[in-house]
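One structure below.
The values are calculated or read from the model by the stated rules, or taken from the named source; none is laboratory data. If you're wondering where the values come from, they're calculated on a predicted model, not measured in any experiment. Here the Cβ positions follow ideal geometry from the backbone for every residue, glycine too, while neighbour counts run over all protein chains shown. Just the protein is used for accessible areas: all its heavy atoms, side chains included, with ligands, DNA and RNA removed. Shrake-Rupley method; radii C 1.70, N 1.55, O 1.52, S 1.80 Å.
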Amino acid sequence: MAGREGRRRGGRTESSPATGQVGDPGQVVAHHGVAVLVRLDSGEQMQVWLSPGQRAVVGDRVRVAGKSLEVLPARGVLRRRDARGRERTIAVNLDSLAIVVAPEPREPPGYIDRGFVIARAADIEPCIVVNKLDLPGGRELADRLEEIYGAFADLHRVSAQTSEGLHSIRDALCNGRLGVMVGPSGVGKSSLMNALVPDLELRVGELNRGTKKGRHTTTTATLHALDGGGYLVDTAGFKDFIAVDVPPRDAARYFPGFETALEAGCRFRDCAHQSEPGCGVLAALEAGEIEASRHRAYSSLREELSSSPHSGEPRRRG
Ligand code: GDP
Ligand code: ZN
């Protein structure tokens with residue numbers, strides 16, 4: 001990792017300009033409850049105990065000085081809700097959120113749009129991975145999604161089974177970029193992780209299996225290095241990610257396909273693009289620039305965000 005920012009220079013450890021604290025810079029690569037595993041920028045890995053009440057998650061940039069750990073401010077935060085309905089941070093400092101889909105099983109309606117909106121709201125770049133290209137319908141699915149989303153995001157056509165297209169995921173996660181894969185159970189996320197990360201050996205599930213017993217049951221994420229220089233967060237064991245902090249009024253701003261229409265603007269600043277006069281989105285719909293199905297998808301996503309108990313709450317870590 002020669003030349004990386006924050007290395008020791010001239011025998012002295014650099015201080016963090018944000019906090020003034022001295023320490024070796026690194027990143028949290030795994031979380032073990034009371035301690036975290038930190039990979040220093042020098043390449044060395046070490047376990048560091050968290051102080052009481054201190055919080056750190058995978059992806060956090062840190063400084064380690066002796067036994068003390070300083071967690072630096074983070075961006076690109078992805079959350080989920082745990083079994084008891086509490087908000088949990090999965091990982092931070094994410095650059096890329098790959099929404100994985102497959103011809104079998106198909107994702108629920110609106111799944112991809114929700115992923116886009118969550119990612120964009122968190123300042124993470126969304127992309128689409130169409131896996132199981134070897135199955136019938138794989139290429140057709142990729143073509144259809146390319147039509148809808150191709151102008152706004154990268155679409156990777158892959159097969160974990162035949163290894164087709166995996167290089168495009170590696171290429172997208174180069175130069176230390178940090179990515180995470182989300183997608184419905186059974187689309188092949190574990191298989192892709194295994195294919196992309198050397199020596200990983202995550203359990204691969206079977207389709208339509210009623211019980212989840214015996215499956216990978218980690219409750220914390222781990223960060224894995226890829227051959228090409230990027231990192232992937234393993235989220236096996238997490239059922240879902242959620243839009244805990246996307247207020248419904250932001251749904252349109254982040255919705256894939258509304259970008260141009262919104263540039264034209266609406267008469268009302270708080271326009272929900274439903275039936276308001278002078279609405280740029282409805283004008284684009286009328287003109288055939290936005291398809292009716294896309295507007296319907298937006299309306300149901302907005303509805304979904306409105307019924308979320310946490311919508312509009314300020315961001316919190318933890
Ligand atoms: P996950 O629940 O998203 O982690 O999915 P898994 O990785 O557990 O895979 C679910 C099933 O899909 C398993 O039976 C895999 O063998 C199968 N599978 C994964 N990737 C592919 C692929 O590219 N092609 C085919 N045909 N099957 C795949
Ligand atoms: Zn409008």
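Please identify the pairs in which a residue from segment 54-66 that is on the phi > 0 side of the Ramachandran plot has its Cβ atom under 9 Å from the Cβ atom of a residue that is part of a loop (DSSP other than H, G, I, E, B), counting only partners at least 6 apart or on another chain. Short answer, once both residue conditions are applied: Gly59/Ala74; Gly59/Gly76; Gly59/Val77; Gly59/Val92; Gly59/Asn93; Gly59/Leu94; Gly59/Ala221; Gly66/Gly23. Entry remark, segment 284-301: residues being within 15 Å of ligand 2 (Cβ to nearest atom), open to solvent by 60 Å² or more (accessible area, probe 1.4 Å) and assigned to a helix (DSSP H, G or I) number 1 in total. Here Gly150 meets each of (1) over 20 Å from Leu232 (Cβ atoms); (2) buried (at least 21 other Cβ atoms within 10 Å of the Cβ) with one exception, condition (2). Has segment 264-271 got any residue that is without any contact (Cβ under 8 Å) to a residue 40 or more places away in the chain, away from ligand 1 (no atom under 16 Å from the Cβ) and not in a loop (DSSP other than H, G, I, E, B)? Scanning segment 264-271, I find at least one residue that is without any contact (Cβ under 8 Å) to a residue 40 or more places away in the chain, away from ligand 1 (no atom under 16 Å from the Cβ) and not in a loop (DSSP other than H, G, I, E, B), so the answer is yes.
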